[in-house]
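Here is the structure we will look at.
The values are calculated or read from the model by the stated rules, or taken from the named source; none is laboratory data. All values reported here derive from a predicted model rather than from experimental measurement. A quick note on method: Cβ atoms are made from the backbone with ideal geometry, for glycine too, and the neighbour counts reach across all protein chains shown. Heads up: the accessible areas ignore ligands, DNA and RNA and are worked out on the full protein's heavy atoms, side chains in. Shrake-Rupley method; radii C 1.70, N 1.55, O 1.52, S 1.80 Å.
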Amino acid sequence: MQTTKRMLTGNKAMAEAIAQEMERDPNVFVLGEDVGKYGGIFGATQGLLEKFGDKRVLDTPISETAFIGAAIGAAAEGMRPIVELMFVDFFGVCMDQIYNHMAKIPYMSGGNVKLPMVLMTGVGGGYSDAAQHSQTLYATFAHLPGMKVVAPSTPYDLKGMMASAIRDDNPVVFMFHKTLQGLGWMDQVDESVGEVPEEAYTVPLGKANVVREGTDVTIVGIQMMTHQAVAAAKILENQGISAEVIDIRSLVPLDKETILNSVRKTHRLVVVDEDYKSYGFTSEIAAIAAEEALYELEAPVKRLAIPDVPIPYSRDLEKYVLPNAQKIADAVVKLMKE
Amino acid sequence: MSIPKEKLLWMYETMVKSRYYEEQLVEAYAEGKKPVFNIGAGPVPGEMHLSNGQEPAAVGICAHLTKDDTVASPHRPHHHAIAKGVNLNRMTAEIFGKETGLGKGKGGHMHLFDPEVKFSCGGIVAAGIPQAAGAALAAKQKGTDSVAVAFIGEGAANAGAFHETLNMAALWKLPLIVVVENNSWGISVPKTASTAISSNDKRAAAYENTTGYLVEDNDPIEMYRVSQEAVERARRGEGPSIIEIETFRFLGHFQGDPELYREKDEVPSLLLRDPIERIKNKILSEGAASENEVEQLENKAKNEVDAAFQFARESEYPKPEAALEDVFC
Ligand SMILES: Cc1ncc(C[n+]2csc(CCOP(=O)(O)OP(=O)(O)O)c2C)c(N)n1
Ligand SMILES: [Mg+2]
């Protein structure tokens, strides 16, 4: 057992999980753009080429339909590919392979074809990368049946959930947040570094995490928005409001019970998302609360998300559309008066 | 080949302007990012892909285009924009995220749109190729002799959009020219590790009505020559062309790229073959202009760039609420 804490960045935690699974299982291999020498633009595959060679770590041409489709085909043959789509925004060029094939083949085959693969992809904005490189698109993927969709927010979960995703016999879309990778060239956020055990371990897919207990209001967040919600809870604490914060971690499967149990306790619900507002994660959680716990609520559900505009470039414009701790705290204060 | 003097001098001036523009951006981009690099900090945040070394591709073909011809460019767009005559003040203001920018600060450096000169660019690799084909189709439908040029990197020639569009453009004999800037790299992946053909002009053989041209050694004069042929073919309605030009990426893929994947002596040896120096020597040795005239051109180009940066810096930022505008018209 570890005696001293070992701290890792998000991307190193992911790369360690992948390396350990590659050691365990010769069928695991990695492919994608710049996953080799570069180690992944966001560092999720660093060190893998050196350790496993170019037969198991493949740099691809800029041909997403071809290499994601190839991952599907290889998975059907019993391999366990991990394929990287560099930015989730690029899904547009290859979505047919993802949602018409990866997500549907297991079902259409009546369960006779398994696709044990991971599609990992970088999400998120906040650094002025504008409309085609800043989206999260959580709901776009979570809407379509047939793939698990996870979005861990700590190095510990990035490692444990990556191991689970690789071992899972279903296709898993593994979304990692760029700002939580611990990259030297991005905003340095404390949450991008955390304690990670050296030995292999798994964190189950489909379990939300109560990251902060509270009694007055439930705030449900995802990735960066979980961390913003925790910061909001600290602001609220000074104002005598006790907020419970839930990190959803997994969009599909969704852990409804953890949310509903919390709502039954606090009777107020705020949902925070870094995706577009309409038809999204916040809508889904609000709908579940309305369907299953309406009479527990003492105030309307409050949703914070991107107000249905593409992500703008200029810094103040982007700040305006992204939820943050202060906006969450303000919304909660207002809600407490309802 | 003989190239009209005014074209030669325009190419030189435009290459100088483009290079100097990028040099100013290197500086502006670095502001606020020292001592610790942070992609989101400073007056010019976000990704920044610069074109130093790739100027010949842009000027060689844009020398044959008018305001009515269309250019679609990728994530590395400044040299194309400058050669196409995009409003430099408003382009620079956009890169600084200002209200006076081409997109009122909403687009940024990868998303520049100047409909006045029919220029656009985008951050999704190969996405401009079919859109340029659409401009070519529109020209054909309207019965004009306008053409459309899609600039792409060699990495983008492996995207489905490249192959789908070339087939369609050949089928419909569209006035489309795809210029492939082969700078040998797609981020960290060398062309040899991504592409199963030695040069992309050869891919023209896959389609009827399509001609392929190869420009070696980043030569602006040869680029000018083959572009003239390709543009004339397109204007005559004879179909699309692919021009591959061997070009140089003097800088990283983006600013801040540690470039651990590239041999340390690659860039220094490329710099010895700087196309701007070479065209300048040609101008002087052939007597197309005197030292003095060349210097005047250089100063004119640089002054224009300096004025654009000043305009950008002095412009106002948009109001935050403006984020909600322009989704629909
Ligand atoms: C569809 C898509 N896939 C991947 C990327 C990420 N990406 C941006 S530029 C680039 C490399 C492009 O190489 P090339 O086409 O040769 O152009 P260069 O950067 O060399 O100018 C990649 C992979 C993207 N923007 N769009
Ligand atoms: Mg290239």
Requested in this report: Have a look at the DSSP beta bridges in segment B:130-218 and tell me what percent are antiparallel, nearest 5.
Outcome: 25 percent
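Net charge near A:Ser250, counting Lys/Arg +1 and Asp/Glu -1 over other residues with Cβ under 14 Å of its Cβ?
Details: positive: A:Lys148, A:Lys207, A:Arg249, A:Lys256; negative: A:Asp157, A:Asp168, A:Asp247, A:Asp255, A:Glu257, A:Glu284.
Around A:Ser250, the charge tally is -2.
Given chain A, what percent of its DSSP beta bridges are antiparallel, to the nearest 5? Numbers along the way, then the final one.
Values: 8 of 42 bridges.
Percentage antiparallel, nearest 5: 20.
Return one whole number: the accessible area per residue of segment A:100-189 in Å², for a 1.4 Å probe. Working shown, then result.
Details: 2570 Å² over 90 residues.
Value for segment A:100-189: 29 Å² per residue.
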Query raised in the report: What FRET efficiency, computed as 1/(1 + (r/R0)^6) with R0 = 60 Å and r the Cβ-Cβ distance, is obtained for A:Arg24 and B:Arg236, rounded to the nearest 0.05?
Result: 0.45
Query raised in the report: Reachable aspartates and glutamates from A:Lys114, Cα under 12 Å, same-chain residues fewer than 8 places away excluded?
Result: A:Glu77, A:Asp168, A:Asp169
Query raised in the report: What translational D, rounded to a whole number of µm²/s, comes out for segment B:192-259 from Stokes-Einstein when the hydrodynamic radius is the Kirkwood one over Cα pairs, at 37 °C and 0.692 mPa s?
Result: 240 µm²/s
Query raised in the report: Considering only protein heavy atoms and a 1.4 Å probe, what is the carbon-and-sulfur percentage of the accessible area of segment B:5-311?
Result: 51 percent
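What 222 nm value per residue comes from the helices of chain A, counting each DSSP H run with n ≥ 4 as -39,500 (n - 2.57) and dividing by all residues, nearest 500 deg cm²/dmol?
Computed ellipticity for chain A at 222 nm equals -10000 deg cm²/dmol.
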Query raised in the report: Residues of segment A:308-328 with accessible area at least 30 Å² lower in the all-protein-chain context than alone (1.4 Å probe)?
Result: A:Val309, A:Tyr313, A:Ser314, A:Arg315, A:Asp316, A:Leu317, A:Tyr320
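Please report the net charge: other residues with Cβ closer than 14 Å to the Cβ of A:Ala299, K and R +1, D and E -1. The partial results should precede the final answer.
Details: positive: A:Arg268, A:Lys302, A:Arg303, A:Lys334, A:Lys337; negative: A:Asp216, A:Glu296, A:Glu298, A:Glu338.
Value of the local net charge: +1.
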Query raised in the report: To the nearest 0.05, how large is the calculated FRET efficiency for B:Asp68 and B:Asn299 if R₀ is 35 Å and r is the Cβ-Cβ distance?
Result: 0.70
Query raised in the report: To the nearest 10 square angstrom, what accessible area does A:Lys114 show with a 1.4 Å probe?
Result: 110 Å²
Requested in this report: Return the subset of B:Lys202/B:Lys264; B:Lys118/B:Lys140; B:Lys84/B:Lys302; A:Lys159/A:Lys256; B:Lys106/B:Lys173 for which the Cα-Cα distance in this structure is over 25 Å, preserving the input order.
Outcome: B:Lys202/B:Lys264; B:Lys106/B:Lys173
Report summary line: Share of accessible surface on carbon and sulfur in segment A:209-336, whole %, 1.4 Å probe and ligands ignored, is 50 percent
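Could you compute how much accessible area chains A and B hide from each other, both sides summed, with a 1.4 Å probe? Nearest 100 Å² is fine. Don't jump to the answer; show the numbers that get you there.
Values: alone 14460 and 14810 Å², together 26110 Å².
Answer for the A-B pair: about 3200 Å² buried.
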Query raised in the report: How much of the calculated P(r) for segment A:209-336 lies past 19 Å, in percent of all Cα pairs?
Result: 43 percent
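Order A:128-140, A:196-208 from most to least packed using the mean count of other Cβ atoms within 10 Å.
On the way: A:128-140: 24.4, A:196-208: 16.3.
For the peptides A:128-140, A:196-208, the packing ranking is A:128-140, A:196-208.
Which of the peptides B:302-313, B:215-226 is most tightly packed, and how do the rest follow, judged by the mean count of other Cβ atoms within 10 Å per residue?
Values: B:302-313: 16.7, B:215-226: 20.8.
Taking the mean over residues of other Cβ atoms within 10 Å, the ranking is B:215-226, B:302-313.
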Query - Gain on full stretching of the segment that runs from B:Trp172 to B:Gln141 - 0.36 nm per residue minus C-alpha separation - result: 10.0 nm
Query raised in the report: Give or take rounding to whole Å, what are the principal axis extents of the alpha carbon atoms in segment A:159-205, in descending order?
Result: 35, 23, 13
Query raised in the report: Going 7 Å from the Cα of A:Lys265 in the Cα-to-Cβ direction, what parts of segment A:200-227 have a backbone nitrogen less than 14 Å from that spot?
Result: A:208-220
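Roughly how crowded by other chains is peptide B:266-276, in terms of the mean Cβ count from those chains within 10 Å of each of its Cβ atoms? Before the final figure, lay out the partial values.
Working: counts 0, 0, 0, 0, 0, 0, 0, 0, 0, 0, 0.
Across B:266-276, the average partner-chain Cβ count within 10 Å equals 0.
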Report task. Roll a 1.4 Å probe over the protein chains and send me the accessible area per residue for chain B in Å². Result -> 40 Å²
Query raised in the report: If you count the DSSP beta bridges with both ends in chain B, what percent of them are antiparallel, to the nearest 5?
Result: 15 percent
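How would you rank B:36-45, A:239-248, highest first, on the average number of other Cβ atoms within 10 Å across their residues? Spell out each step's value before the answer.
Numbers: B:36-45: 18.3, A:239-248: 20.7.
Highest mean packing first, the order is A:239-248, B:36-45.
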Query - Per residue Cα convex hull volume in Å³ - calculated over chain B - result: 138 Å³
Query raised in the report: Where in segment B:308-327 does accessible area fall by at least 10 Å² between the isolated chain and the complete protein assembly, at a 1.4 Å probe radius?
Result: B:Tyr317, B:Pro318, B:Pro320, B:Glu321, B:Ala323, B:Leu324, B:Val327
Requested in this report: Report the local net charge at A:Val35: Lys and Arg +1, Asp and Glu -1, summed over other residues whose C-beta lies under 12 Å from its C-beta.
Outcome: -3
Query raised in the report: In whole Å, how far is the Cα centre of segment A:1-76 from that of segment B:1-79?
Result: 35 Å
Query - Surface/4 of the Cα convex hull for segment B:33-149, nm² - result: 7.7 nm²
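How high is the FRET efficiency between B:Asn292 and B:Glu316 when r is their beta carbon distance and R₀ equals 51 Å, given to the nearest 0.05? Don't skip to the answer; put the middle values down first.
Details: r = 40 Å, r/R0 = 0.78.
After rounding, the FRET efficiency stands at 0.80.
Once you average over the residues of B:184-195, how many Cβ atoms of partner chains fall within 10 Å of each Cβ? Provide the component values of the computation, followed by the final result.
Details: counts 0, 0, 6, 7, 9, 10, 2, 1, 0, 7, 6, 2.
What the average comes to for B:184-195 is 4.
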Query raised in the report: Which values of log₁₀ I(q)/I(0), to two decimal places, follow from the Debye formula for chain A at q = 0.09 Å⁻¹ with a uniform point scatterer at every Cα?
Result: -0.46
Query raised in the report: Using only Cα atoms, what Kirkwood radius does segment A:7-195 have, in angstroms?
Result: 16.2 Å
Query raised in the report: In percent, how large is the relative contact order of segment B:27-90, given Cα pairs closer than 8 Å and 6 or more residues apart?
Result: 27 percent
Report task. Extending each Cα 7 Å along its Cβ direction at B:Asp217 and B:Asp326, get the distance between those two points in nm, one decimal. Result -> 4.5 nm
Requested in this report: Might you report the magnitude of the Cβ-based charge dipole of the protein assembly as shown about its Cα centre, with Lys and Arg at +1 and Asp and Glu at -1, to the nearest 20 debye?
Outcome: 720 debye
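Average projected area of the Cα convex hull of the protein assembly as shown, in nm²? Working shown, then result.
Working: hull surface 126.1 nm².
Reported value for the Cα convex hull: 31.5 nm².
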